[in-house]
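K.L.:
Here it is: the structure, laid out below.
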Amino acid sequence: GQLGRTTRIPDLAAASLTLVFVLPLMLVCALATYLTSRGPVIYRQARVGREGHEFICFKFRTMTHSAATSIDALLVEGSPYREEWAALYKLREDPRVTFFGRFMRRYSLDELPQLFNVLRGDMSIVGPRPIVADEIHRYGDRFADYCSVKPGITGLWQVSGRHALSYEERVRLDAEYANNKSTRLDLLILWRTIPVVFWGQNE
């Protein structure tokens, strides 16, 4: 549609220009990830995109190579992690995260490979956070709002409190963004993203 065409060109330009500047940093992150922990440098995971289509989202790996199998052990009955996982679908102090992975997460460096997702057309620079299929039911009737735009590297949720927010608040902000998407709102979110990243408020 027209909206897709008008947002695609700025996305391509912004992602390409950003890559020129951050590529050396990405190489450092890739090398440090490779040298400090076992496993692939890039973590690939299926996420839900626009119109409900799945795509492979790229991130620098921040967890141990056995993270996928060790999550069950963390969420056994009586575990202190169980309630937090049920509420937020993530753990603030996840013991599976590597030392360097925690540093990358703090400054959102792990998300830099998603610039390639933007170039591929899977994502936008700004949009709702990309969710996994297991989270769809938590969006309820707001899933249609989520599907109306591409997910983004940064978004309204990321600059409005991030992990201090409940899951319900995240869903509300994703729907609010989708229903009010505009160039002005995108620029405002990008402006608010700068201090969040530089001050390491993304943990």
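The values are calculated or read from the model by the stated rules, or taken from the named source; none is laboratory data. Quantities reported herein were computed from a predicted structural model and do not represent experimental measurements. FYI the Cβ positions are ideal-geometry reconstructions off the backbone, even for glycines, and counts take in every protein chain you see. Heavy atoms of the whole protein, side chains included, go into the accessibility calculation; ligands, DNA and RNA do not. Shrake-Rupley method; radii C 1.70, N 1.55, O 1.52, S 1.80 Å.
K.L.:
Starting from region 52-69, keep only residues that are closer than 11 Å to T33 by Cα, then list their pairs with residues that are modelled with pLDDT under 85 whose Cβ atoms are within a distance under 8 Å, requiring at least 6 positions of separation or different chains.
P.N.:
M63/D94; M63/R96; T64/S70; T64/R96
K.L.:
Further, regarding this structure: Quick check: is even one residue across region 133-152 modelled with pLDDT under 90 and assigned to a helix (DSSP H, G or I)?
P.N.:
no
K.L.:
Considering P95, P130, which residue is within 18 Å of T62 (Cα to Cα) and either open to solvent by 70 Å² or more (accessible area, probe 1.4 Å) or more than 12 Å from the chain's Cα centre (by Cα) (or both)?
P.N.:
P95
K.L.:
Hey, can you tell me all the residues within region 35-49 that are of a type outside the set (A, V, I, L, M) and either over 15 Å from the mean Cα position of the chain (by Cα) or more than 14 Å from R129 (Cα to Cα) (or both)?
P.N.:
Correct list: T36, S37, R38, G39, P40, Y43, R44.
K.L.:
Next question, about the same structure. What number of residues within region 148-163 satisfy the criterion of being in contact (Cβ under 8 Å) with a residue 60 or more places away in the chain and open to solvent by less than 20 Å² (accessible area, probe 1.4 Å)?
P.N.:
2
K.L.:
Taking region 156-184, which residues are outside any helix (DSSP H, G or I) and either on the phi < 0 side of the Ramachandran plot or among the acidic types (D, E) (or both)?
P.N.:
The answer is L156, W157, Q158, V159, S160, L165, S166, K181, S182.
K.L.:
Oh, and also: Mind checking which residues of region 185-203 are assigned to a helix (DSSP H, G or I) and of a type in the set (F, W, Y)?
P.N.:
Scanning region 185-203 gives W191, F198.
K.L.:
Being over 16 Å from the mean Cα position of the chain (by Cα), closer than 21 Å to V20 by Cβ and surrounded by fewer than 20 Cβ atoms within 10 Å (Cβ to Cβ): is that true of F198 here?
P.N.:
yes
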